[in-house]
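Have a look at the structure below before the remarks.
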Amino acid sequence: RHEADVLNIYQMLKAGGYDDDHIILVSADECADAPENSDKGAVRTDPDGRNLREGAVIDYKNADLTPQDICNILKGVKTDKTPVVLPADAGQNVLLFWSGHGHRSSINGINEMVWRDEVAGNGMTDDLLAETLRTMADQKQFRQMLVCLEPCFSSNMGKALEGIPGVLAICSAGPYEQSFADSWSNELGVWMCDRFS
């Protein structure tokens, strides 16, 4: 479902006129060709929906990235692992959409978002995300940034972004609340998307 969420936002951007030179897409890219997928090559948010994987240009597979790599992509730091990065442009507006799992400090000891079933402490922490976006704001690397966070407990992450100039965060769940799945497939036996996205 997280892969479908990200591809859904990607396809919305494409339909809105954005080309792939203006989108950096990070995805697991595992569902379309998974042995369990009877709808080979397709990723959908509901059984009768369009194939969201069709035409998608994936820049990075999330299994290949660390939280620091994500920070480098956002801050425009090119490395061998991150050749495609966000340009530093004081006039650009940025959308950061994150779908995955969330941990909260009262249970896991840390507020963070993860893109795999990681143990606590290996994801994008609230402090690291806030530090990254604050650095970007201080260096005038964007005009405005909309941050949409889909994971469980995501408002803990959004709270950390308060006060960063030009940043607005929208979160799917409160500090003690799970983010809910939506659109169940009886055939595949999985949730196909999340309600927020």
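Data for the structure
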| quantity | calculated |
| --- | --- |
| Qualifying residues in segment 16-30 (those that are acidic (Asp, Glu) and assigned to a loop (DSSP other than H, G, I, E, B)) - the one farthest from residue 86 (Cα to Cα) | 30 |
| Test: residue 155 is open to solvent by less than 20 Å² (accessible area, probe 1.4 Å), hydroxyl-bearing (Ser, Thr, Tyr) and closer than 24 Å to residue 191 by Cβ | no |
| Total residues in segment 119-146, condition in contact with a His (Cβ under 8 Å, 6 or more places away or on another chain) and over 24 Å from residue 23 (Cβ atoms) | 1 |
| Top-ranked residue of segment 93-111 - restricted to ones that are modelled with pLDDT under 95 and of a type outside the set (Gly, Ala, Ser), ranked as most open to solvent (accessible area, probe 1.4 Å) | 107 |
| Residue ID - least open to solvent (accessible area, probe 1.4 Å), chosen from residues in segment 158-197 that are of a type in the set (Asp, Glu) and over 23 Å from residue 34 (Cβ atoms) | 177 |
| Considering residues of segment 21-48 that are free of Cβ contacts under 8 Å to residues at least 12 places away in the same chain and more than 30 Å from residue 92 (Cα to Cα) only, the residue least open to solvent (accessible area, probe 1.4 Å) | 34 |
| Test: residue 125 is crowded, with 16+ Cβ neighbours inside 10 Å, out of contact with any Asp or Glu (no Cβ under 8 Å at 6 or more places or on another chain) and at pLDDT 95 or above | no |
| Residue 58 vs. criteria touching a Ser or Thr at 6+ places or on another chain (Cβ under 6 Å), buried (at least 16 other Cβ atoms within 10 Å of the Cβ) and part of a loop (DSSP other than H, G, I, E, B) | yes |
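The values are calculated or read from the model by the stated rules, or taken from the named source; none is laboratory data. Here the structure is a predicted model, which is why all the values come from computation and not from measurement. Every residue, glycine among them, receives a Cβ derived from its backbone with ideal geometry; neighbour counts consider all protein chains shown. Heads up: the accessible areas ignore ligands, DNA and RNA and are worked out on the full protein's heavy atoms, side chains in. Shrake-Rupley method; radii C 1.70, N 1.55, O 1.52, S 1.80 Å.
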